[in-house]
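The values are calculated or read from the model by the stated rules, or taken from the named source; none is laboratory data. Everything quoted here is computed from the prediction, not taken from an experiment. All Cβ positions, even for glycine, are placed from backbone atoms using ideal geometry, and neighbour counts span all protein chains on display. Just so you know, the surface numbers come from the protein's heavy atoms only, side chains and all, with ligands and any DNA or RNA stripped out. Shrake-Rupley method; radii C 1.70, N 1.55, O 1.52, S 1.80 Å.
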Amino acid sequence: MSEGLSDTFQRAPAAIPPIEIAFPDLASYAAGNDGTPYVWTFASEYAGPHVLVQALTHGNEVCGAIALDWLLGEKIRPARGTLTLVFANVSAYLRFDRADPFASRCVDEDFNRLWTREVLDGPRRSVELARARELRPIVDRVDHLLDLHSMSEPCLPLAMAGRQRKGVELAKAIGVPQHIVIDSGHAAGQRLRDYAFFDDPANARSALLVECGQHWEAAAPRVARQSLLRFLDHFGMLDRGLADQQLDNVTPPPQHIVEVTSTVTIVSDAFRFTEPVHGLQVIRRAGTLYAMDAGTEIRTPHDDCVLIMPTRKPKPGETAVRLGRFVS
Ligand SMILES: [Zn+2]
């Protein structure tokens, strides 16, 4: 991005990215096997951790559902411990419309902004809150969470590690994706990955959110599957033969860590980026104008500023972009 950008630049609406992957039919998973719809739990006879792998936290982020559909189809069972597989916001998923593919992110509200006791125990009602309340007792039982997501814009996959050291350690132990983001989430509400004990540095229970790439790009389900398999392998839950057969046998490249320095929350309907932006874009100089909101210039607060997941559809109260810097 050049410096001294014009604040009159108007960004044309971006085209819908191509939909390269098929959406699996989840009807056969609706009953679940443990009393909760679209929740499947398998326990090994050998002791071990309880791992939860979740897909469809956002209804149009299909790569995780493809990975779970594969795992269930292959009848893969944990070599030890307990494995719970959750298709979270199926109500939103079932509304997917190729002509308006971003709309099925949620039904009433963002499922991933509800994860505080105040909100979950509060009086508000929505489709997503009902599902979160239904899933909460399951989440309360697990030791480790892998939450599989994807992004609206093309971007290299990201491990969202939260703000605690244990999140970074988990992302490093899994070894993929190459980019790890240390962040504390969104002003609009708390994510599942930051829920309760997951965000408690004194608690060994841990969570990782993986953004597997653009929602509908062919590579995203492969990233989701490898993340899932490596996650299970890390916790000793993957059968050795299966690991040898299914894990990529190339050593992943060294990981890079981006620490979020600030979150830019949208104030007005007039928010816009002053030039096209993309995830992991680095703006070299502090003070560079990159967005306008309610007539106010928004400039980079420091040199070598990394843009993390700039929003596609600005909405007041939601996150426009996280800013960060590479740390060693
Ligand atoms: Zn998501």
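Would you kindly state how much longer the chain becomes between Glu134 and Phe197 on full extension, computed as 0.36 nm times their sequence separation minus their alpha carbon distance, in nm to one decimal? Don't skip to the end; give the middle numbers.
Details: separation 63, 0.36 × 63 = 22.68 nm, distance 1.83 nm.
Extending this stretch completely gives an extra 20.8 nm.
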Could you tell me what percent of the accessible area of region 257-327 is made up of carbon and sulfur, with a 1.4 Å probe and every protein chain present?
-> 49
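Would you please give the FRET efficiency between Glu297 and Val250, computed as 1/(1 + (r/R0)^6) with r the Cβ-Cβ distance and R0 = 51 Å, to the nearest 0.05? Numbers along the way, then the final one.
Working: r = 45 Å, r/R0 = 0.88.
So, using R0 = 51 Å, E works out to roughly 0.70.
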For a label point 7 Å along the Cα-to-beta-carbon line of Asp34, residues of region 106-136 with backbone N under 14 Å = 134-136
Just the number, please: carbon plus sulfur as a percent of the accessible area of region 122-176, 1.4 Å probe, no ligands or DNA/RNA counted.
-> 56
Length gained when the stretch Ala187-Ile16 is fully extended (0.36 nm per residue, less Cα-Cα span) = 58.9 nm
Where only alpha carbons of region 200-328 are counted, the Rg and the Dmax (Å) | 18.8, 60
In nanometres, what is the gap between the two model label sites at Lys75 and Val327, each 7 Å from Cα along Cα-to-Cβ?
-> 4.7
Normalised contact order of region 27-254, rounded percent, pairs of Cα under 8 Å and 6 or more residues apart | 22
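Packing-wise, with mean Cβ within 10 Å as the measure, how do 309-319, 175-185 rank, highest first?
Details: 309-319: 16.3, 175-185: 21.1.
Packing proxy ranking, top to bottom: 175-185, 309-319.
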Highest-MSF residue in the chain out of Ala55, Ala159, Ala291 [GNM, Cα springs under 10 Å] | Ala291
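Return the FRET efficiency for the residue pair Ala99, Gln281: r is the Cβ-Cβ distance, R0 is 22 Å, and the value is rounded to the nearest 0.05. Could the numbers behind the result be given before it?
Numbers: r = 29 Å, r/R0 = 1.33.
With R0 = 22 Å, the Cβ-Cβ based efficiency is 0.15.
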Arrange the peptides 239-248, 221-230 so that the one whose residues have, on average, the most other Cβ atoms within 10 Å appears first.
-> 221-230, 239-248
CD proxy at 222 nm, helix term only [per DSSP H run n ≥ 4: -39500 (n - 2.57); per residue of the chain; nearest 500] = -5500 deg cm²/dmol
Could you order peptides 264-271, 79-86 by the average number of other Cβ atoms within 10 Å of their residues, highest first?
-> 79-86, 264-271
Could you size up the charge dipole of region 27-254 around its Cα centre, putting +1 on the beta carbon of Lys and Arg and -1 on that of Asp and Glu, and report it in debye to the nearest 20?
-> 280
With the full set of protein chains in place, find how many percent of the accessible area of region 178-220 is carbon and sulfur; take the probe as 1.4 Å.
-> 48
Mind checking the per residue accessible area of the chain for me, 1.4 Å probe, whole number of Å²?
-> 43
Per the C-alpha gyration tensor (a ≥ b ≥ c, the square roots of its eigenvalues), region 27-254 is rounded if a/c is under 1.5, else prolate if a/b beats b/c, else oblate; here it's rounded
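Multiply the residue separation of Arg165 and Asp239 by 0.36 nm, subtract the distance between their alpha-carbon atoms, and state the gained length in nm to one decimal.
Working: separation 74, 0.36 × 74 = 26.64 nm, distance 2.87 nm.
Residue separation times 0.36 nm, minus the Cα-Cα distance, leaves 23.8 nm.
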